[in-house]
Amino acid sequence: MKKILFLILLSIIAISLPGCGADTKEEYFETTLFFEKDGKITDVIVESFDTQKYSEDGLRTFFNEKISDYNSTNIGKGEVELKKLDISEGKAKATLLFDSCDTYNEFYNSTAYYGSINDAYDKGLISETVLKKRGSTQTITKNDLMGMQKEDIIIVSEVVRINSPKKIEYTSANVDVIDERNARVSSESAGLAYIVVK
């Protein structure tokens, strides 16, 4: 089940519910993945939420149950934490912290990677692709990419905004650069999205 299916499940559960802060990530108003240098991922999910029809307590219970189920069956292997849940102006913003990319991938059955290019290759995540330099028409191929030793790479399989811990150097064609540390995977994206950072 991809992350998008998890979000669909969330909306279905929200429909069945009875009617009735300060963070550096608060400035983000769309679903965003924050990759940290220590390997952790913060997933800020932003979705429409009708407080006239749906219950904030029910939504919080939903998140807590899903996370508790995962943590209890993966003791010593991975940890997910609901850091924050805000409901305001017709939007629900849930902030989830994952202790690693592996935990994120297992929780959502998705693909998210941050680390060395060689390690990504060993994991089978590097395919034949052409990457474009940020702010330039210069491009590189897979062979050029494999020769990079000082750069890291972010790889995702979702349509999502990305916040990088390092400056963005190159991106695949399905990525739109916002600024030197932020990018957005195109809504028409097909396949994996690549962001080389340094």
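The values are calculated or read from the model by the stated rules, or taken from the named source; none is laboratory data. Bear in mind that the values here come from a model prediction, so they are computed numbers and not experimental data. Using ideal geometry, Cβ is built from the backbone for each residue, glycine included, and neighbour counts are taken over all protein chains shown. Please note that ligands, DNA and RNA were not included when accessible areas were found on the heavy atoms of the full protein model with its side chains. Shrake-Rupley method; radii C 1.70, N 1.55, O 1.52, S 1.80 Å.
Numbers at a glance
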{"item": "Tensor-based shape of segment 110-198 (alpha-carbon gyration tensor, a/c under 1.5 rounded, otherwise prolate or oblate)", "result": "rounded"}
{"item": "Lysine pairs with alpha-carbon atoms under 18 Å apart, segment 66-132, spacing 8 or more or separate chains", "result": "7"}
{"item": "Global form of segment 33-104, assessed from the alpha-carbon gyration tensor, a/c cut-off 1.5", "result": "oblate"}
{"item": "Solvent-accessible area, 1.4 Å probe, carbon plus sulfur percent, for segment 112-189", "result": "41"}
{"item": "Reachable aspartates and glutamates from K198, criterion Cα separation under 19 angstrom, eight or more residues apart if same chain", "result": "E36, D38, D119, D144, E151, D152, E169, D176, D179, E180"}
{"item": "Separation of the T61 and D99 label points, Cα + 7 Å toward Cβ, nm", "result": "2.8"}
{"item": "For the chain, accessible area per residue (1.4 Å probe, heavy atoms of protein chains only), Å²", "result": "52"}
{"item": "Segment M146-L82, length gained on full extension (0.36 nm per residue, minus Cα span)", "result": "19.4 nm"}
